[in-house]
Each structure stands twice: as structure tokens, then as C-alpha cells.
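Peer 1: Let me give you the structure first, and then I'll get to my questions.
The values are calculated or read from the model by the stated rules, or taken from the named source; none is laboratory data. The structure displayed is predicted, hence computed values, not measured ones. Because the Cβ atoms are built from the backbone with ideal geometry, glycine has one as well, and the counts that use them run over all protein chains shown. Accessible surface areas use protein heavy atoms only, side chains included; no ligands, DNA or RNA. Shrake-Rupley method; radii C 1.70, N 1.55, O 1.52, S 1.80 Å.
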Amino acid sequence: MSDMTFERMIQQMTPTIYESLKQAVSLRKWPDGRRLTEEQTELCLEAVMRYEVEHKVPESERVGYLGSSGCGSDKNDDEDSITWVN
């Protein structure tokens, strides 16, 4: 496996591995409960993001997707108002 490159790994990644890495990044833990190091988190997140592009995962299903309700949306400001109750 010494000839395995990051690109090749992404191309050969199965949907199960993708979901597992996505969950590991989300929880910051491996399935067995061990915490991911900062470097592991970065590599897993990069792998997940590259998998999503390589396998044409719909934008709305990608990691970090916020949708149109995020900052700067075209909604009426009254819809987003907060009412304080004492």
C-alpha cells in the first residue's frame, strides 16, 4: 500500500468509509471512542470534502452546507425577529 496516494484513496473510498469519516469529524472521535488529533481531524475533513467533490455529492448534502437561510438571506427581517419574554 506504499504506492497509495491521497488522490487514489479518495477515488477508492466507499460510501461506508465516507460516512464513518464524516461522523468521526463531526464527533471528533473514532468509532471506538478515541479522540482524533488535530492533524487527523484535518485529514479526515479534507478526505470527506474531496470525496464529496469526486463523487458529485449534492451541495445540500455536503459537509458545512448552510442553505439559503444563512447570513445575508433575502428573507423579510420581521420573520427573523426575536421576542424576549420576561
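Peer 1: So Asp32 ticks every box in (1) exposed (fewer than 10 other Cβ atoms within 10 Å of the Cβ); (2) modelled with pLDDT of 90 or more; (3) charged (D, E, K, R); (4) not in a loop (DSSP other than H, G, I, E, B) but one. Which box is left unticked?
Peer 2: If we test Asp32 against (1) exposed (fewer than 10 other Cβ atoms within 10 Å of the Cβ); (2) modelled with pLDDT of 90 or more; (3) charged (D, E, K, R); (4) not in a loop (DSSP other than H, G, I, E, B), just (4) comes out false.
Peer 1: Kindly establish whether Ala47 is free of Cβ contacts under 8 Å to residues at least 40 places away in the same chain and either open to solvent by less than 100 Å² (accessible area, probe 1.4 Å) or not in a helix (DSSP H, G or I) (or both).
Peer 2: No: the conditions fail for Ala47.
Peer 1: Still on this structure, I have one more. Keeping to region 52-86, report how many residues are of a type outside the set (D, E, K, R), modelled with pLDDT of 75 or more and more than 14 Å from Val25 (Cα to Cα).
Peer 2: Total meeting the criteria: 11.
Peer 1: Then there is this: Would you mind stating whether Val57 is surrounded by 15 or more Cβ atoms within 10 Å (Cβ to Cβ) and outside any helix (DSSP H, G or I)?
Peer 2: yes
Peer 1: Another question, then. Considering only region 10-24, state which residues are touching a helix residue (DSSP H, G or I) at 6+ places or on another chain (Cβ under 7 Å), open to solvent by less than 90 Å² (accessible area, probe 1.4 Å) and within 16 Å of Val53 (Cβ to Cβ).
Peer 2: Correct list: Ile10, Met13, Tyr18, Leu21, Lys22.
Peer 1: Go through region 1-29 residue by residue and tally those that are in a loop (DSSP other than H, G, I, E, B) and of a type in the set (Gly, Ala, Ser).
Peer 2: Total meeting the criteria: 1.
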